[in-house]
Amino acid sequence: MKALMVGVAAVGTLAATVLLPAATATAATPSDECAKAPNWSAGANYKARDIVKYTDGSVYIAERDNPGYNPVASSYYWDKYLCGSGTGNPDHNSFVVTEAQFNEMFPRRNPFYTYKGLTDAMKAFPKFAHTGTDTMRKQEAAAFLANVSHETGGLYYIKEINEANYPLYCDRDQPYGCPAGQSAYYGRGPIQLSWNFNYKTVGDYLGVDLLNNPWLVERDPAIAMMTGLWYWNTQDGPGPITGHDAMVSGAGFGQSVRSINGALECDGKGPQYVQSRVTRYERFTKILGVPTGPNLYC
């Protein structure tokens, strides 16, 4: 996993969405219709299944208790509400990989990594596996899962094995320092998020305070998967494009490998690691019944 740490640790700062608390408001109940939903108010204490109307007129339902997080920015805590259904937006639950196929892909996975954790995490990244044709969507899902399978030994490892490295990932030159402690920002999750500045960046992006509570990445399956999807969808690492863009643009699986760990694996530097990723991708696309597409290697 050391190679992955290098790739992810190199990520810089991303423009973040910061959630600001304000006043309080009366929460709704799940039985309220959209017309009766109260206006959302930043800083209000909302409970799971509360329904609110956002400033643009859209209606949202709280999926988790939260202190008034912005429904648009914090898709981990909120989901769009389908009026009259009594449920959240069903489109968020559609995924080209079924739970049975997920189980077939990861027969010996750690119980921490769940199918629900993955599908919950996807709500924060609506373009993932929802872009282009059905084949393209399945290829992207297979590519992401193949890469994280390689990084985690088949979704087995949750955190970095070498504890001697733990104190290395604290950059005290950052203005916010390392409030969780010198050794708190070691690699966690499917693409092994590490360093305090990455926890800060990803936390701000998701609306979750990972700087002060990095342990959420190894305790909450959805947040763990969100950190992997954040990298996949927003970071190009040592490559020219993100993993998501590599798969939806036709650049191919090899470019997704380059975006994750190309500096250590591509261009003949680590052919055995690239082959491991390709083999997993070939198996996953076969399970999903789609071709691999071109440019498998980097």
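Points to keep in mind about this one:
- Of all residues in segment 270-281, those being in contact (Cβ under 8 Å) with a residue 60 or more places away in the chain and either exposed (fewer than 15 other Cβ atoms within 10 Å of the Cβ) or of a type in the set (Lys, Arg) (or both) number 2.
- Count of residues meeting criterion [within 20 Å of the chain's Cα centre (by Cα), aliphatic (A, V, I, L, M) and farther than 20 Å from residue 130 by Cβ] in segment 240-279: 2
- Qualifying residue in segment 174-184 (condition: aliphatic (A, V, I, L, M), in the same structural domain as residue 155 (by TED's automatic domain parsing) and assigned to a loop (DSSP other than H, G, I, E, B)): yes
- Residues that are out of contact with any helix residue (DSSP H, G or I) (no Cβ under 8 Å at 6 or more places or on another chain) and hydroxyl-bearing (Ser, Thr, Tyr), drawn from segment 166-198: 166
- Answer residue from segment 109-156, given it is surrounded by fewer than 18 Cβ atoms within 10 Å (Cβ to Cβ) and on the phi > 0 side of the Ramachandran plot and is farthest from the chain's Cα centre (by Cα) among those: 132
- Only one entry in 137, 188 is touching a strand residue (DSSP E or B) at 6+ places or on another chain (Cβ under 6 Å) and outside the structural domain of residue 77 (by TED's automatic domain parsing), namely 188.
- Pairing each residue of segment 145-157 that is over 14 Å from residue 224 (Cβ atoms) with any residue that is of a type in the set (Gly, Ala, Ser) and surrounded by 24 or more Cβ atoms within 10 Å (Cβ to Cβ), provided the two are 6+ apart or on different chains, yields C-beta distances under 8 Å for 147/243; 147/256.
- Selection within segment 36-61: residues that are surrounded by 13 or more Cβ atoms within 10 Å (Cβ to Cβ) and of a type in the set (Val, Ile, Thr). The member of this set that is nearest to residue 79 (Cα to Cα) is 61.
The values are calculated or read from the model by the stated rules, or taken from the named source; none is laboratory data. It should be emphasised that the depicted structure is a prediction, and the values quoted were computed from it without experimental measurement. Here Cβ is always computed from backbone atoms with ideal geometry, including for glycine, and neighbour counts include all displayed protein chains.
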